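Have a look at the structure below, then the notes.
The values are calculated or read from the model by the stated rules, or taken from the named source; none is laboratory data. Because the structure is a prediction, the values reported are computed rather than measured. As a convention, Cβ positions derive from the backbone with ideal geometry for all residues, glycine included, and neighbour counts pool all protein chains shown.
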Amino acid sequence: MTRKVPVTISPKRSRSEFARRVKELSGQNLQLCYQCGLCSGNCPAVTNMDISPRRIIELARLGLEDEIANSKTVWICASCLACAVNCPRGLDLSKVMEAIRLLTLRKNIDHVRPEDIPLQERCELPQIAMVSGLRKFTG
Amino acid sequence: MSLAYYPGCTLKTRARNLEEPAVASMEALGLKLDEVSGWNCCGAVYSLADDDLIHRVAPVRNLTRVEKQGKMELVTLCAFCLNTLKRANLLMKEDVEKRDTLNTFIDEGIAYNGEVKVVHLLEVLRDEIGWESLAQKVKLPLRELKAAPYYGCTLLRPREVAIDNVEAPSVLREFLKALGATPIDFGESTQCCGSYQIISNPNDISEYARVILSSASSHGAEALILTCPLCDYNLGQGQKELSKKSGLGEVPLLYFTQLLALALGLDPQVCHFELNYGSPESLLMAKGLLS
């Protein structure tokens, strides 16, 4: 999927608080990535994403917070770790996705409101769906 | 002989058809699953943020209690619980600073060091009982049943907690062979079903399910064999609608423990087939495995 995003890159942005926090929360050294795209190639959800996993890494390490914030990619990721086990550089992209989600959730901005899940569905869903979903999508 | 056993929340409600045949089968194999007393929810997913210790309290508290009860091995059945408990255990083994913080917070009176070995029931069958020995105990071989193993994510990823080869797992294949069934390989057997996305993107889940089910079906599978209650829900709940839309016939979903109980000749009532998606009973009857 190709989507042109006009961006301004600068040393200042790549040393921004956002880039620092993503690195700190994920524990991942994003500079290791050489953009081979195996993460995107192995991601079963990539066709539903507006920015591919490979590009998320690039945007995150350039500190391009707004571009990432306007994307739905991190909310589509199911943390299946197909990217992580296939990364030739040993990066765990699922941790990067989680870090970016948390930077929103920790501002008390939830992605899902439990009351919006239809009652019947709430009763039918296995507990692991509710617990894991609310863990990933609420602060 | 008994094994410390962690059931987790879902197995006590929606996934009784995963748990009850397992408990009965293990008893028949001479290994009683002894439920850990005072267990709590494991948290379902392992926290992926480095600074998030509070969400590691739940799995570590379970592990601490296992050690306090004098057990050094913990058997799990739910793939989510296995993953969360095993990853938390690894953290307690390898990160001294976080271990100390968690031990102090949990305050169970012992300093837990990650020494309990967390295993999945499939590992017990493979490594402690062995496929040959299991095959000898089969009373009703599952002949002519073409079953596709579906691993999903959490039994195999990340690499450090995988119960088998990440790229080419074989444990379910060997298990099915031991029971006399015909395992059917297909390319999506380790592909994610969409997991917790069911609560926010149910439409995406239907598409993931269509890809997985149609691939298994086109490879000749008559049923999909599962280990995880969330895979079961994601692949099962929309099957009727999917079948109407895409013309794909329903693919019965079965937990591996149900096939185990059936093959060991136990009362089929213990399998709770009424809780399954895709009407496996008619398939099993057609194969002469159920009357």
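Some notes on this structure:
- Residue within the range B:90-102 that is among the polar types (S, T, N, Q), without any contact (Cβ under 8 Å) to a residue 40 or more places away in the chain and assigned by TED's automatic domain parsing to the domain that holds B:LEU33 present: no
- Boolean, A:VAL46 is in contact (Cβ under 8 Å) with a residue 12 or more places away in the chain and more than 20 Å from B:GLY152 (Cβ to Cβ): no
- Filtering the range B:109-127 to residues that are crowded, with 16+ Cβ neighbours inside 10 Å and of a type in the set (Asp, Glu) leaves only B:GLU123.
- The residues listed here are A:LEU64, A:LEU32, A:LEU59; of these, the one that is over 12 Å from the mean Cα position of the chain (by Cα) and under 16 Å from A:SER94 (Cα atoms) is A:LEU32.
- Some residue of the range B:61-78 being among the β-branched types (Val, Ile, Thr), at pLDDT 95 or above, more than 22 Å from the chain's Cα centre (by Cα) and outside the structural domain of B:PRO158 (by TED's automatic domain parsing): yes
- Looking at the range A:27-104, the helices (runs of 4 or more DSSP H) lying wholly inside it that each contain 1 or more residues that are at pLDDT below 95 and buried (at least 18 other Cβ atoms within 10 Å of the Cβ) sit at A:53-61, A:65-69.
- Among the residues of the range B:5-56, those identified as assigned to a strand (DSSP E or B) and surrounded by fewer than 21 Cβ atoms within 10 Å (Cβ to Cβ) are B:LYS32, B:ASP34, B:GLU35.
- Per-region count, the range A:111-121, residues surrounded by 14 or more Cβ atoms within 10 Å (Cβ to Cβ) and more than 7 Å from chain B (Cβ to nearest Cβ): 1
- Taking the range B:184-291 as the region of interest, the helices (runs of 4 or more DSSP H) fully inside it that hold 2 or more residues being over 21 Å from the mean Cα position of the chain (by Cα) and polar (S, T, N, Q) are B:202-218, B:239-246.
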